[in-house]
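So the structure is just underneath, and the comments pick up after that.
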Amino acid sequence: MEAKQQKKHRKKNSGPKAEKKKRRHLQDLQLGDEEDARRRNPKAFAVQSAVRMARSFHRTQDLKTKKHHIPVVDRTPLEPPPIVVVVMGPPKVGKSTLIQCLIRNFTRQKLTEIRGPVTVVSGKKRRLTIIECGCDINMMIDLAKVADLVLMLIDASFGFEMETFEFLNICQVHGFPKIMGVLTHLDSFKYNKQLKKTKKRLKHRFWTEVYPGAKLFYLSGMVHGEYQNQEIHNLGRFITVMKFRPLTWQTSHPYILADRMEDLTNPEDIRTNVKCDRKVSLYGYLRGAHLKNKSQIHMPGVGDFAVSDVSFLPDPCALPEQQKKRCLNEKEKLVYAPLSGVGGVLYDKDAVYVDLGGSHGFQEDEARPTHELVQSLIATHSTIDAKMASSRVTLFSDSKPLGSEDIDNHGVWMPKEERQVDSETGRVRRKAIFEDEDEESGDSGEEDEETSEGEGSENPASGDETEDEGAPRPERKHATKKGVKRPRLEVGEDSEVDLPAFADSDDDLERGPEDGEGQEPEEASVGGSSLSAERESEEPKAASSVDGASDEEDLLREDGDLTEAGSCTLETSGALRWKEDLSRKAAEAFLRQQQTTPNLRKLIYGAVAEDDEKEDDAAEELGGLFRVSRPSRECRHKADSVDCSRFPVETPHDWDLEEVMDSIRDCFVTGKWEDDKDAAKILAEDEELYGDFEDLETGDVHKGKADPESQIDSVEEEVKEEVDPTEEESAKKKHLEKKRKLKEMFDAEYDGGESTYFDELKGEMHQQAQLNRAEFEDQDDEARVQYEGFRPGMYVRIELENVPCEFVLNFDPHYPLILGGLGNSEGNVGYVQMRLKKHRWYKKILKSRDPIIFSVGWRRFQTIPLYYIEDHNGRQRLLKYTPQHMHCGATFWGPLTPQGTGFLAIQSVSGIMPDFRIAATGVILDLDKSIKIVKKLKLTGFPFKIFKNTSFIKGMFNSALEVAKFEGAVIRTVSGIRGQIKKALRAPEGAFRASFEDKLLMSDIVFMRTWYPVSVPTFYNPVTSLLKPIGEKDTWSGMRTTGQLRLATGVKLKPNKDSLYKPIVRQKKHFNTLHIPKALQKALPFKSKPKTQAKAGKTPKDKQRPAVIREPHERKIAALLDALSTVHSEKMRKAKVQRHLRNKEHFRLRQKEEEEKLKRQKDLRKKLFRIQGQKERQNQKSSLKGPAEPPK
């Protein structure tokens, strides 16, 4: 076998060890540390820029302040409940695989199927409960309320899916636990550049939804169907060290995430009525606040229940006891998942549940007796009564085997059934009859047993001959030390002392020979053949006593020698050895209990008997050389002979005798002492009388009673003088003093020596947490439960009654079972006001009086809300629809929930909707038994008589009484003239007189704005999704909206005629001619004067041209001329087109020539300007040179 390659040592680069090494290295190089460098060159370490230093300081303070949270009292118990880790994601994204890998990482165990919550021990102080969350909206809502950490799986190859954003919004509403993203399917990317871009895009989108900097893990790929070990290990380490902020709703309410459910209903009731209500018990860790018995709870998806009974059980997945170690061993890496079929033996007060696989069932260990016990129970083919009836027992080697009919049961009688018919009612009654025990036969039986003990001791090996050698027995051999007696069965002369095949508990089996050394001889059951000589010499009188107690002990010893007859079968010999000697075991347990009973005399009066024994032992030695020989004490229990709390096994006392009463009379003090005999009073009088005095003969000074304070001081001084501290204590004190000084230095360095308000607040919260923990710390769990209720962290069992039968029949372990505790007022129903905003991603708008599903607190229920908006004057005005991008108020009839609780609204929970499912979110504002929401109502009327500013209005009211109610109300016309109602008129009915600001017209419409109160519908329907059959739990549907009903039934809405749009037909207005006086016409300018022009009249008939009627020949000529003109016009049109084309071509050529001409001219100008420029430069040069010199 190849040697395993050792892991290379990695040097420490940071931390105290690394710094110490660095300092030592610098000292070796004689460079000194940083402090020496500061001393040598202070300028190098000085502040280079005050501005930069200020910025750095401000940035540090900002970062430090950002980390501050409002301190809250730490209410987590010393042994906190497991942390709930919810693994959420769309289908086929790798949730089950991730859970299996995490469980394997923590416990080294593989789970094939994940059903329900799985609890694992992840560290020395932390446990995790991992649960998978599907895409059912009910499951998502329930798990978001109890989650401490959410692992949100995202398929990187596909991107974000709608379920992810829905769950994020649900978490934001219900407290927002810690959220970590996990990217999977990263191995589907072929190119690294594309992978990097996708990671970056998904990370920033995730940060937008959660918070900037939220942790996002990358699972790069899979190996053999599992994620890579190192990545899972890193994820597990991150989960293990994560800190959690307490959520308000969770810390103020007790809740249980149930991991097991049992049906406790009477089978007879189920047989008679399958649909009867059930009684169930649910198990799980209690979280949140303390739970009181008989309190109200709500089970989401089922309903409200009153707790019938609560009890706490041993922790099935307990934390390791020893904390001072680096890591857990294999036995402490527990996993507990009853719904997934993983867990050990569970002891309940109803039954014992055994899983033969166990937490580490994959390891091949030796067969435990507990497993053999279970296997024997499973493989049993006949009842115990039949086996007992067929069994035979041989007491002695030469005695006759006895059957069940020959042996007296020693007081254990089964009742016989006798059927009696009542003569009056005719009812058959089953009477139980018990046989009385015959005392004479019992006494004779005891005498026989005494004699048989002697016979058995004479022939110790005689019982071996009758033992059934063919029956195989499971044996576990233990080497026992001298003087230790063990219960055993004799199988041969040379056989060792064996343990029983089955024991009462695992402790009896695992108890080694070392554990039994300190036991009394009475504790071990001793057979007649295994009595030692020491035992016989020590107790000669005890064995010869003929009391009831000695008979009892003799009976026990004889029972230890009972052997089975040869007729025993395999079942009665091997598998049922745990049933042997049940009476002996019961008597042994009784004796052990009596011997462990505390000595009340010792507790009350001190170690009286022990002191007496020590004095006697000291008196036995004379001068340190000789010892006085005295007879040994016959019975050790004589020291406790006057202790009435213990049951005297051997020598009972007759307390009716006066002599026995007098023997303990001095042990008790009753009544009051006389004044002259009370020692305390006499001493007090002497001190008051004499006080301090000095004995003149001896010179001793006797002091009186001093003050209490001075007395305490003197006592302390005496103790200090008497007890000198040892070297070990002084070293310990020095060490503690050194640690205290170091802590003070650390605090002074990091706290700056001054405590801020934040530190004081944290200190107060810490003190409160310490007080809370210390209040019931010294009491056991039973007493604490009575005072404070069941505390978080306990594994509790809750019984519920009147549970619908569908819950048990349709139980699906994949759906979470949550038991949420309710407050005092949370079980009541009333009007709840809330602030609501339609979600910006929800496409439809919400309508008042449409049923909608709310998730508030622990509950999910359907109700009918009314939406309203509050006006500036406090009026709550009804809205028909929710406003866009704006908050509005909502009121519904439902369970009262504390203010400030978040909620969300969903239109439907059945199936998967194609779009975003969360319709609205908000918060609870107020709880009122009644609320006034009003809607606007316009009353219209028409004037039928008009005076100057007064008018008579009709059509607005129906009676004078209605008018009287609205006297003084403000009315208005459509044109804007304001008025007021005055008095009702006698006729017509409902008419009234009103005054206005101005005179009305008969065409005016008068209206009055009124507010009509609207009642909130009292409709509350809990969502009972867990009562649906398996596979249909996501199909719950409650009340449907009016639109859904019309769509389902095909009913079309009948429109209101007045609401329809009609074509507007307006009559043409005819205006009267404008009449201008002649005087005014003269003054007007000519442009504005009316022009008097005679209208052109009709042409008289005699002047009209007559119609010409053509002859056929003329019509032919006209047609020919028309055809010729048509041909001519067509020719002219074609010629025009041709001419247009020619002109266009000619224009193009002309344009081209023009361009060439312009180009030539441009070139020519360039040439000309170039020549001209050259000439100018030459002239300029010549002028600079001056006039040319004439030639000589």
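The values are calculated or read from the model by the stated rules, or taken from the named source; none is laboratory data. Predicted model, so just to flag it, every value in this text is computed and none were measured. Please note: Cβ atoms are built from the backbone with ideal geometry, for glycine as well, and neighbour counts cover all protein chains shown. Ligands, DNA and RNA are stripped out before the accessible areas are found, and what is left, the full protein with its side chains, is counted by its heavy atoms. Shrake-Rupley method; radii C 1.70, N 1.55, O 1.52, S 1.80 Å.
Things worth noting here:
- Solvent-accessible surface (1.4 Å probe) assigned to Met162 amounts to roughly 90 Å².
- Of Lys1159/Lys1185; Lys11/Lys743; Lys125/Lys585, pairs whose Cα-Cα distance is over 30 Å: Lys1159/Lys1185; Lys125/Lys585
- Mean accessible surface per residue for segment 917-1032, computed with a 1.4 Å probe while every protein chain stays in place, in Å²: 57 Å²
- When peptides 968-981, 43-56, 220-233 are ranked by their average number of other Cβ atoms within 10 Å per residue, the highest-first order is 968-981, 220-233, 43-56.
- Karplus-derived 3J(HN,Hα) values for segment 974-987, using 6.51 cos²θ - 1.76 cosθ + 1.60 with θ = phi - 60°, are 5, 6, x, 7, 8, x, 8, 7, 9, 9, 7, 9, 6, 9 Hz; glycine and proline are entered as x.
- Charged side chains reduced to their Cβ positions (Lys and Arg at +1, Asp and Glu at -1) give segment 936-1013 a dipole of some 80 debye around its Cα centre.
- Paramagnetic reach from Asp277 (point 7 Å along Cα→Cβ, amide N under 12 Å) across segment 787-826: 800-805
- Too-long pairs where the Cα-Cα distance tops 25 Å, listed order kept, from Lys21/Lys67; Lys203/Lys243; Lys844/Lys1057; Lys838/Lys1062; Lys95/Lys215; Lys17/Lys64: Lys21/Lys67; Lys844/Lys1057; Lys838/Lys1062; Lys17/Lys64
- For segment 824-930, the dipole from Cβ point charges (+1 on Lys and Arg, -1 on Asp and Glu) about the Cα centre works out to 380 debye, to the nearest 20.
- Across the options Ile864, Ser930, Leu846, the greatest Cα extent toward the positive end of the charge dipole of segment 824-930 (unit charges at beta carbon of Lys, Arg, Asp, Glu) belongs to Leu846.
- Relative contact order (%) - criterion: Cα under 8 Å, at least six apart; region: segment 873-967: 24 percent
- Sequence-distant residues sharing a close amide H with Leu313 (under 5 Å, placed H): Tyr795, Val796, Arg797
- The protection proxy used here, the mean number of other Cβ atoms lying within 10 Å of each residue, ranks peptides 1164-1175, 795-806, 864-875 as follows, highest first: 795-806, 864-875, 1164-1175.
- Accessible-area composition of segment 824-930, carbon plus sulfur, in percent [1.4 Å probe]: 48 percent
- Residue-by-residue Karplus 3J(HN,Hα) for segment 853-867, coefficients 6.51, -1.76, 1.60, Hz, glycine and proline x: 9, 9, 10, 10, x, 7, 8, 10, 8, 9, 8, 10, x, 10, 9
- Overall dimensions of segment 936-1013 as given by Cα atoms, namely Rg and Dmax in Å: 11.3, 37
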